[in-house]
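For reference, the structure is listed below as structure tokens.
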Amino acid sequence: MKSVRPEPPPAHHAIRAAIAAIPQGRVANYGEIARRAGLPGRARLVGTVLREAPSALGLPWYRVLRADGRIAFPPGSKAFREQVRHLAGEGVLVRGGRVDLAVHGWERDVDHLLWGPPAQTGKRKSARAES
DNA sequence: CTATTGACAATTG
DNA sequence: CCAATTGCCAATA
């Protein structure tokens with residue numbers, strides 16, 4: 001007979017795979033994951049799936065951040081601290097509960113790849129003096 | 001069945 | 001920077 005446990009819908013599986021595909025030391029936002037999973041615009045679905053996803057799967061949930069690179073949990077929360085700790089262990093620096101997507105973003109802008117990664121520490125508005 | 005919610009995103013003021 | 005608004009759609013009540 002059918003398993004008592006409801007099988008995970010394809011959408012959930014795709015989302016999990018997308019999350020598991022995030023390289024170590026990098027972070028991705030919900031919209032990005034949804035797009036990778038073939039579900040453009042379903043960023044909230046990613047959150048729902050992650051929430052329901054059992055930790056036994058070993059999904060790098062801590063590599064998933066908001067579109068602005070901010071932690072998806074309220075600051076000071078337990079999950080928040082744990083996420084920050086995990087990211088720190090991966091080599092990702094978190095400042096003010098926020099991560100520089102321009103530095104650790106998974107699919108950051110192509111321009112940065114061509115011009116080289118910007119400095120992460122002391123990132124001020126450096127004037128670009130290229131001609 | 002309808003209403004509300006949500007680990008979101010983007011825009012506007 | 002913050003607040004409010006709209007779009008999105010599955011899961012839950």
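Quick check on A:Ala79: is it modelled with pLDDT under 95, within 16 Å of DNA strand C (Cβ to nearest atom), out of contact with any Gly (no Cβ under 9 Å at 6 or more places or on another chain) and on the phi < 0 side of the Ramachandran plot? No, not satisfied.
Using the structure shown, decide if A:Ala43 is within 21 Å of A:Asp100 (Cβ to Cβ), of a type in the set (A, V, I, L, M), near DNA strand B (Cβ under 9 Å from one of its atoms) and surrounded by fewer than 16 Cβ atoms within 10 Å (Cβ to Cβ). Taking the combined requirement at face value, the residue does not satisfy it. On the stretch given as segment A:46-74, residues that are surrounded by fewer than 12 Cβ atoms within 10 Å (Cβ to Cβ) and not hydroxyl-bearing (Ser, Thr, Tyr) total 9.
Checking A:Pro74, A:Pro40 one by one, the residue that is at pLDDT 90 or above and either within 16 Å of A:Ala14 (Cβ to Cβ) or away from DNA strand C (no atom under 15 Å from the Cβ) (or both) is A:Pro40 and no other. Screening segment A:28-40 for residues that are surrounded by 20 or more Cβ atoms within 10 Å (Cβ to Cβ) and of a type in the set (A, V, I, L, M) and picking the one that is farthest from DNA strand B (Cβ to nearest atom) gives A:Ala37. Of the set (1) free of Cβ contacts under 8 Å to residues at least 40 places away in the same chain; (2) surrounded by 11 or more Cβ atoms within 10 Å (Cβ to Cβ), all apply to A:Leu101 but (1).
The values are calculated or read from the model by the stated rules, or taken from the named source; none is laboratory data. Since this is a predicted model, take the numbers as computed values, not measurements. Neighbour counts are summed over all protein chains in view; Cβ atoms, including those assigned to glycine, are modelled from backbone coordinates with ideal geometry.
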